[in-house]
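The structure appears below as structure tokens.
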Amino acid sequence: MKYQFFKIFAQAPELGQDALNAFCAQHRIVSLEKQFVAHGMESFWSICVTCAEGYAAEAGTGTGNFTVKRDRIDYKEVLGEQDFAVYAELRNLRKSLAEQENIPAYALFTNEQLAAMVTQRIQTLAAMGTLDGVGKARLDKYGGLFLKLLQESFATRPPGSDASPSH
């Protein structure tokens, strides 16, 4: 895992925003954390981007097109043991529902969204709705089932238990 930090000034976001967008277009983003720092006219967004190693963008054919070659993220490596166990349960639930409805599993939630549910310790539908790509229709149809599993999993953990790896 690699980390990259960005500072985007509230009064003139263009430069930092362009650098952040260019970086994100060229890397496999695992997570993004943002914090607004209020400092008068010098207020800014502080952004920490975590990306996976082994990601490459290769020039494609045509003008300005790129073929993106993405390595799969090994969530067993990224998540701690307990977090991975919850992630695996979420994947099993997703697979079961997808088979019942005869749709691709990623149509319910992506692996990235499932991992975010675990790492962000999602406990409410409102919190789940803040995840990238998770809209009201998906929340209404599937959110309750996934939320129940998350709540049960986190309730059985000792307080302060964070199984994320410490690299």
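The values are calculated or read from the model by the stated rules, or taken from the named source; none is laboratory data. On a predicted model such as this, the values are computed, not experimentally measured, just so you know. Cβ atoms come from the backbone with ideal geometry, glycine included; neighbour counts cover every protein chain shown.
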> For segment 92-132, what are the residues that are under 15 Å from the mean Cα position of the chain (by Cα), part of a helix (DSSP H, G or I) and closer than 22 Å to E77 by Cα?
Replying inline: Y106, N111, E112, Q113, L114, A115, A116, M117, V118, T119
> When only residues in segment 75-100 that are of a type in the set (D, E) and surrounded by fewer than 11 Cβ atoms within 10 Å (Cβ to Cβ) count, which is modelled with the highest pLDDT?
Replying inline: E99
> Taking only pairs six or more apart or across chains, which ones have beta-carbon atoms under 8 Å, a first residue in segment 121-140 that is farther than 17 Å from V86 by Cα, and a second residue that is of a type in the set (F, W, Y)?
Replying inline: V134/F109; R138/F109
>> For segment 1-36, give me the residue count where each residue is assigned to a strand (DSSP E or B) and either touching a Lys or Arg at 6+ places or on another chain (Cβ under 7 Å) or basic (K, R) (or both).
In response: 4
